[in-house]
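**Student:** Take this structure first; my questions come after.
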Amino acid sequence: EAQVTQNPRYLITVTGKKLTVTCSQNMNHEYMSWYRQDPGLGLRQIYYSMNVEVTDKGDVPEGYKVSRKEKRNFPLILESPSPNQTSLYFCASSLGRQTEAFFGQGTRLTVV
Amino acid sequence: AQSVTQLDSQVPVFEEAPVELRCNYSSSVSVYLFWYVQYPNQGLQLLLKYLSGSTLVKGINGFEAEFNKSQTSFHLRKPSVHISDTAEYFCAVSDRGSTLGRLYFGRGTQLTVWP
């Protein structure tokens, strides 16, 4: 089954404790992105990647890092999480700019 | 950068009534247009997309949208809604001429269908 898998689905952590949210797709897609969803703000792009080793900042990259060492994986790294990073995070992948973006189920992160 | 405006943050409607969710975008370049739906506790899934050709696009679950270039709009419609259509709906655009494949989303419209 074609899918984008994020882990974990839920995470509660403390300020400053490094964490990684994993994202994996099994569709051989070139494009992958991370978004955060906050009430009333819709989805805002954090980082995106057009291919292996090619990444760029989206609209809200501060406090986040990404890497794309393999085509299927695109982890999101929070080196020192802060409470304002409490949010619902989505990973997405697509074959190209004309095609449908497939989204993961989301990761609800709470930083206390 | 693109800007997408969804004119209504919440739309309440009774079952079997028609509904229109409005979306406007600001762009000086040609775009691709998308509508996504998010059911509670789920990710987003594609409802429909406009790439080229006919300006009236049909999607899943009986939804359709019309691209209006002069008004830079892409409104979503359904002639008769069901309780199961209750969800959040997002309009999104991407630049045709860009190789980056970035999607720009509106803030979402919560559609609530009442019995």
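The numbers here are math on the coordinates, done by the rules we state, and not lab data. All figures in this text were calculated on a predicted structure; none of them were measured in a lab. Neighbour counts are summed over all protein chains in view; Cβ atoms, including those assigned to glycine, are modelled from backbone coordinates with ideal geometry.
**Student:** Hey, what did chain B get for relative contact order, percent, Cα under 8 Å, at least 6 apart?
**Tutor:** Reported as a whole number, the value is 37 percent.
**Student:** Can you figure out the FRET efficiency of residue A:88 with residue B:112, using R₀ = 25 Å and their beta-carbon distance, to the nearest 0.05?
**Tutor:** Calculated transfer efficiency: 0.80.
**Student:** Write down the Å³ per residue value for the convex hull defined by the alpha carbon atoms of the range A:64-112.
**Tutor:** So the per-residue Cα hull volume is 90 Å³.
**Student:** Once you have the Cα-Cα distance between residue B:96 and residue B:15, take 0.36 nm times their residue separation minus that, and quote the gain in nm to one decimal.
**Tutor:** 25.5 nm
**Student:** While we're here: Defining a contact as two alpha carbons under 8 Å apart and six or more residues distant in sequence, what relative contact order in percent does chain A show?
**Tutor:** After rounding, I find 36 percent.
**Student:** Mind checking which aspartates and glutamates have their C-alpha under 12 Å from residue B:49, skipping anything on the same chain fewer than 8 residues away?
**Tutor:** A:100, B:64, B:66
**Student:** For chain B, modelled as a Gaussian network with Cα springs under 10 Å, which listed residue fluctuates most, B:70, B:26, B:84?
**Tutor:** For chain B, modelled as a Gaussian network with Cα springs under 10 Å, the answer is B:70.
**Student:** So which lysines pass the test for residue A:17, namely a Cα distance under 26 Å, with those fewer than 8 places away in the same chain ruled out?
**Tutor:** A:57, A:65, A:69
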